[in-house]
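The structure under discussion appears below in the form of structure tokens.
The values are calculated or read from the model by the stated rules, or taken from the named source; none is laboratory data. Computed from a predicted structure; not experimentally measured. Note: ideal-geometry Cβ built from the backbone for every residue, glycine included; neighbour counts use all protein chains shown. Calculation scope for accessible area: heavy atoms of the full protein, side chains included, ligands and nucleic acids excluded. Shrake-Rupley method; radii C 1.70, N 1.55, O 1.52, S 1.80 Å.
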Amino acid sequence: DRNWGVGWQKHFKSFDVRPIAAASIGQVHRAKLKSGEEVAIKVQFPNMRRAIDGDVRTLPSIVKTFGLTPENLDVDHYAALARDQLMAETDYLQEAENLRSFAQYLSGDQRYRVPTVIEQLCTSDVLVMSLEQGVELDTVRTWSMDARNNVAKALLCLILREIFEFNHVQTDPNLANYLIDPETHQLVLLDFGACVQISDESSGIYQA
């Protein structure tokens, strides 16, 4: 109600209130728009920004008190970086922008598929995108060696293009962020909350 207003159900033919997936800061629901298009709706848990801010502010004190890191490590600096990254992940409008960017980067490359953003329903706490079908990445263990090699090449090519061509990297290593279409063998890229821009200096270091 807070994000869409009272009566938001009018946008949908159906809306499954049971989540089909959940993560640390939100959960995903399946729904069908009035147009008939099936969508995935990522809804953020309440008060996540406040919780993250409080947790990360407390972390340096705990680390220093119990001596969990080397003395010369600038804990405050890395805690601030962690806070900035985690707070960025709570901005679903930024994630929608990341989705659009990666869809453009990978346009024409049939090895990859990126969900389409449903712009009119997105807010900073709710992300709506096309529902993409696929199976978990470890399913390829049962495929032929050639098929597995092609998937591995596609994954390696993706990260190299992110660093050296796009200068824009999806930094979350969770394999649940990927599905694979068992018919087309396309990689379906799902989660773009944790994305960072790579500086020319960093790109140059990797090239060296």
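Observations on the structure shown:
- Residue satisfying all of: in the stretch 4-25; surrounded by 15 or more Cβ atoms within 10 Å (Cβ to Cβ) and of a type in the set (A, V, I, L, M); modelled with the highest pLDDT among these: ILE25
- From the options VAL39, VAL28, VAL43, residue that is under 25 Å from ASN174 (Cα atoms), at pLDDT 95 or above and touching a Gly at 6+ places or on another chain (Cβ under 6 Å): VAL43
- Of residues in the stretch 155-175 being in a loop (DSSP other than H, G, I, E, B) and closer than 14 Å to LEU190 by Cα, the one most open to solvent (accessible area, probe 1.4 Å): PRO173
- Checking ASP76 against (1) touching a residue at least 12 places away in the same chain (Cβ under 8 Å); (2) surrounded by 15 or more Cβ atoms within 10 Å (Cβ to Cβ); (3) more than 24 Å from GLY36 (Cα to Cα), the condition it does not meet: (2)
- Residue in the stretch 123-132 that is in a loop (DSSP other than H, G, I, E, B), open to solvent by less than 20 Å² (accessible area, probe 1.4 Å) and either at pLDDT below 95 or under 20 Å from ARG100 (Cβ atoms) (or both) present: no
- Of all residues in the stretch 133-150 being assigned to a helix (DSSP H, G or I) and among the hydroxyl-bearing types (Ser, Thr, Tyr), the one that is farthest from LYS42 (Cα to Cα): THR142
- Meets criteria (open to solvent by 50 Å² or more (accessible area, probe 1.4 Å), under 17 Å from the mean Cα position of the chain (by Cα) and under 30 Å from PHE12 (Cα atoms)) for GLN104: yes
- With respect to the conditions (1) basic (Lys, Arg); (2) in contact with a Phe, Trp or Tyr (Cβ under 9 Å, 6 or more places away or on another chain); (3) surrounded by 16 or more Cβ atoms within 10 Å (Cβ to Cβ), LYS34 lacks only one, and its number is (3).
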